[in-house]
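Before any comments, here is the structure.
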Amino acid sequence: MKYYYYVKDEQRFGPFTLEEIKAQKIKKSTLIWADGMENWETSETIEELKDFLVSEPPPIPKKIQPEIKKEKKINPKYDLTYRKETKASFVGWLLLIIPVAIRFAIIQSGENFDSEDRATFLVFYFIMTIIVIVKVSRIAFRQNRDTFLWGFLAFFFPIPTLIIIGYLRKLRFKIDMVFENDMPFLLKKARKYYYYDMYNECIEVLNKANNLHPQNYSLIELRGCAYYQIGDFENSKNDFKTIINAEDKFTSIAELYLGNIAFKEHDREKAIQHWLRAKEKNNQAAINNLKKYHDYTHRYFLSKKEVKEKLGKSIGFAQARYLGNLFQTEDRAELQNTFVEIHEHKNGLSVALRKKYIAIAFYEIKSCIYRDDKSQFELCLSDNNSLVFDARSTTPFDINTLKEICQHITNNLHKI
């Protein structure tokens, strides 16, 4: 299958199938790259996309062209992609207002603020200060500010510090010259950025560290994980392929992530092969993935625990009358025309019977059909089995829910 990538606002997006890229409202001037192309090209030069491009209007004529204000110069000191953490400021204002309101209420009631009340207030203030110090320090770290300085300020002035830091912008990341050649420091810094989901900063630090020690597998592994988190699967694959033949602990992680990437690129068979090799190294995450996408393949009759392992938690259900025909011959007469519960899950759907459960994953479904004229819901499975349900004897709520479940299944089939 051919996959496409495109560039928007200097960022790369993809991979997309042909049908998915058509839905992205691509302009004629958008840069596109696909398998087999040497360089990026504008979308209007790619034959299969020409009929789906969004036209761009011509320039405004000079006579009616409105005055355009000069754009403000972008301050390179700040990272403009960062959203200010104003929720922290809001919490700070609440912490400022609530004690004042309580104090005012006590005065209005004519009661005295005795020693017991003061002790309670001091305990509350101490606990609040500790929480605020931790919160401020974490925000300061995300903003690339001095965590010790802001933690120190939060100790003496907790509420004002919390209010102020929530309104501040993020400083652009810079590696201190003093530590730029300190490998242990850089790796520790990168791990901390990864822990706080600051993946771009993590990658920048690891690139610097990689220049010092190109064959350090620990940093290559961490960089591959960071690339994976931001959706840069190509660079992530390159890093994991570099360490795949290293020690067992690196091989295990590499096989796991290469499997995850293959699955996100809709190649389930290739993903399973990687996960099976990771399983040989006792990788628990790979074992869990295999339970969802391999071990239970075409195993429909499962226990409640196994249903959860295969499909995840239930997110909705509806009732319908079972018509046929997945069940064994001896069960068919007993279960024919009985009401069952159809549960929707993240990775498929299950059917709750009297004493058993049927679990069907999305990758086991070939097609899903809802017939409005008969109010019938039919699943055609990849092994040529099928299930048919009749919703005519149920409530309007159940009928609408079944339609939603059918649409949810249809939307997920192309992702497998």
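The values are calculated or read from the model by the stated rules, or taken from the named source; none is laboratory data. Since we're looking at a predicted model, the values are computed, not measured. We place every Cβ from the backbone using ideal geometry, glycine too, and count neighbours over all the protein chains shown.
Find the residue count for the stretch 298-324, including only residues that are within 27 Å of the chain's Cα centre (by Cα) and surrounded by 15 or more Cβ atoms within 10 Å (Cβ to Cβ).
Number satisfying all stated conditions: 8.
Go through (1) on the phi > 0 side of the Ramachandran plot; (2) at pLDDT below 85 one by one and return the number of the condition S314 breaks.
(1)
Taking the stretch 181-224 as the search range and keeping residues that are under 22 Å from the mean Cα position of the chain (by Cα), of a type in the set (F, W, Y) and at pLDDT 85 or above, which one is surrounded by the fewest Cβ atoms within 10 Å (Cβ to Cβ)?
Going through the qualifying residues, I end up with Y195.
Being modelled with pLDDT under 70, under 30 Å from Q24 (Cα atoms) and in a loop (DSSP other than H, G, I, E, B): is that true of I64 here?
no
Among the residues in the stretch 243-259, are any acidic (D, E), at pLDDT below 85 and not in a helix (DSSP H, G or I)?
Yes: the stretch 243-259 contains one or more residues that are acidic (D, E), at pLDDT below 85 and not in a helix (DSSP H, G or I).
Taking the condition of being of a type in the set (S, T, N, Q) and either outside the structural domain of L258 (by TED's automatic domain parsing) or not in a helix (DSSP H, G or I) (or both), how many residues in the stretch 285-314 meet it?
Matching residues across the stretch 285-314 total 3.
Step by step: first the residues of the stretch 1-41, then only those that are among the polar types (S, T, N, Q) and surrounded by 14 or more Cβ atoms within 10 Å (Cβ to Cβ), then the one that is farthest from R268 (Cα to Cα). Which residue is that?
T30
Would you mind finding the one in E344, E309 that is at pLDDT 70 or above, among the acidic types (D, E), under 17 Å from F389 (Cα atoms) and touching a helix residue (DSSP H, G or I) at 6+ places or on another chain (Cβ under 8 Å)?
Matching residue, one of E344, E309: E344.
When the stretch 265-277 is examined, which residues are found to be more than 27 Å from F16 (Cβ to Cβ) and either among the aromatic types (F, W, Y) or crowded, with 18+ Cβ neighbours inside 10 Å (or both)?
R277
What about A262, is it of a type outside the set (S, T, N, Q), part of a loop (DSSP other than H, G, I, E, B) and surrounded by fewer than 21 Cβ atoms within 10 Å (Cβ to Cβ)?
Taking the combined requirement at face value, the residue does not satisfy it.
Name every residue in the stretch 354-364 that is crowded, with 17+ Cβ neighbours inside 10 Å and either closer than 19 Å to A391 by Cα or touching a Cys at 6+ places or on another chain (Cβ under 7 Å) (or both), in order of residue number.
Of everything in the stretch 354-364, just one residue is crowded, with 17+ Cβ neighbours inside 10 Å and either closer than 19 Å to A391 by Cα or touching a Cys at 6+ places or on another chain (Cβ under 7 Å) (or both), namely I358.
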